[in-house]
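The values are calculated or read from the model by the stated rules, or taken from the named source; none is laboratory data. Only a predicted model underlies this, so the values are computations on that prediction, with no experimental measurement involved. As a convention, Cβ positions derive from the backbone with ideal geometry for all residues, glycine included, and neighbour counts pool all protein chains shown. Each accessible area value is taken on the protein alone, full model and side chains, heavy atoms only, with ligands, DNA and RNA left out. Shrake-Rupley method; radii C 1.70, N 1.55, O 1.52, S 1.80 Å.
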Amino acid sequence: MSTFSYTLSARDGAARTGVISTPRGEIRTPAFMPVGTAATVKAMMPASVRETGADILLGNTYHLMLRPGAERIARLGGLHKFMDWERPILTDSGGFQVMSLAGLRKLTEEGVTFKSHIDGSKHELTPERSMEIQALLGSDIVMCFDECPALPAERSAIEASMKLSMRWAQRSRDAFGDRPGHALFGIQQGGLDEELRGQSAEALRSIGFDGYAVGGLAVGEGQEAMFGALDFAPGQLPEDKPRYLMGVGKPDDIVGAVKRGIDMMDCVLPSRSGRTGQVFTRRGVVNIKNARHMDDPRPLDEACSCPACRNYSRAYLHHVFRSQEIISSMLLTWHNLHYYQDLMAEMRAAIAIGDFAGFEARFHAEREKGDL
Ligand SMILES: Nc1ccc2nc(N)nc(O)c2c1
Ligand SMILES: [Zn+2]
């Protein structure tokens, strides 16, 4: 049984590139993880997700515990078999989704009780139950059960929340046990405060994890504040382990995060936007529902090799979006995920040859050209 390990292969300033080895395959970093919340990356077959270049995808404890249920998925052979994705899966631990989705929540030292947003049934999540659910799913990278405070908040509230999350991180570590080939990632909290985030990083380091996430960001603080926190937060975390920024982001957020030392990211944006007609290209966002595309014979992005750009015109994509045809979500999601993976591949290659600055200049220059 091979183990879980991270090899850092090159640096360029704070940016890094490397490989995470897992029993289910390798993850090239910097990596973007498509979100497969309900055991599917919406509108995509798993083989298509792989074709976009994804090495790993994300699942959600919160959604899967409510429907179809973690024990049911375990009885059916685990999440990989259930959704026909045999490569690595990272699962979020549920606390964040409870706070953003569930009703009637009650937070105590023990954990969180809440009512399902699906059918109103009552549930409880604790660090121990979250670890049990993620083990039942068969997750390769398990996230600690944490509490993510809504911003803005008083420093005292952020401090109290961070300290609760650190006690939950210890309980998560204790409950995770020893599972060779499976990883447990700690989650740094502390809002935008450098001292609190430093305390959180030290608490996590003393517990010891296989990787470290920067949590508590992408919660409405805006890009400038997020980059401000990323100017110090990744560097507070152990150098020899992967650093994962949760819930990010737009293409320029991702470039800025990699520049500041982030190795992994996940976001619903490319897949969700694929369903709402927002298309990411090298020159910025194209709203395909705009009438100006109605007669446009050009592909979305001349430089893209995805099926939407190889085989279809903007006019066709405009038509099927307007007609609410299912193929619209398929093609636009595929393109967006393909574009995100191309971006990651370009950054990995640029860091490997010490040209991240050149990549970054080209990335921003392209977006200035307009003519979307
Ligand atoms: N922006 C986000 C997104 C997901 C998160 N998940 C967890 N467990 N914790 C956080 O702080 C998150 C923040
Ligand atoms: Zn494309």
For Ser21, which of the numbered conditions (1) among the small types (Gly, Ala, Ser); (2) open to solvent by 60 Å² or more (accessible area, probe 1.4 Å); (3) under 18 Å from Ile262 (Cα atoms) fails to hold? (2)
Please work out if Asp295 is of a type outside the set (Lys, Arg), part of a loop (DSSP other than H, G, I, E, B), surrounded by fewer than 16 Cβ atoms within 10 Å (Cβ to Cβ) and away from ligand 1 (no atom under 16 Å from the Cβ). yes
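Results for (1) farther than 21 Å from Asp266 by Cα; (2) small (Gly, Ala, Ser); (3) open to solvent by less than 40 Å² (accessible area, probe 1.4 Å), shown as yes or no for each residue.
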| site | (1), (2), (3) |
| --- | --- |
| Ser172 | yes, yes, yes |
| Arg179 | yes, no, no |
| Ile187 | no, no, yes |
| Gly190 | no, yes, yes |
| Gly198 | yes, yes, yes |
| Glu202 | yes, no, no |
| Ser206 | yes, yes, no |
| Gly211 | no, yes, yes |
| Gly215 | no, yes, yes |
Go through the range 122-158 and give me each residue that's modelled with pLDDT of 95 or more, surrounded by fewer than 17 Cβ atoms within 10 Å (Cβ to Cβ) and more than 24 Å from Phe82 (Cβ to Cβ). Lys122, Glu154, Arg155, Ser156, Ala157
When you look at Gly94, is it surrounded by fewer than 17 Cβ atoms within 10 Å (Cβ to Cβ), in contact (Cβ under 8 Å) with a residue 40 or more places away in the chain and at positive phi, yes or no? no
Test of understanding: among Lys259, Lys250, which residue is among the basic types (Lys, Arg), open to solvent by 10 Å² or more (accessible area, probe 1.4 Å) and within 16 Å of ligand 1 (Cβ to nearest atom)? Lys250
Can you find, within the range 24-50, the residue that is nearest to Ser93 (Cα to Cα) among those that are open to solvent by 50 Å² or more (accessible area, probe 1.4 Å) and in contact (Cβ under 8 Å) with a residue 24 or more places away in the chain? Ala38
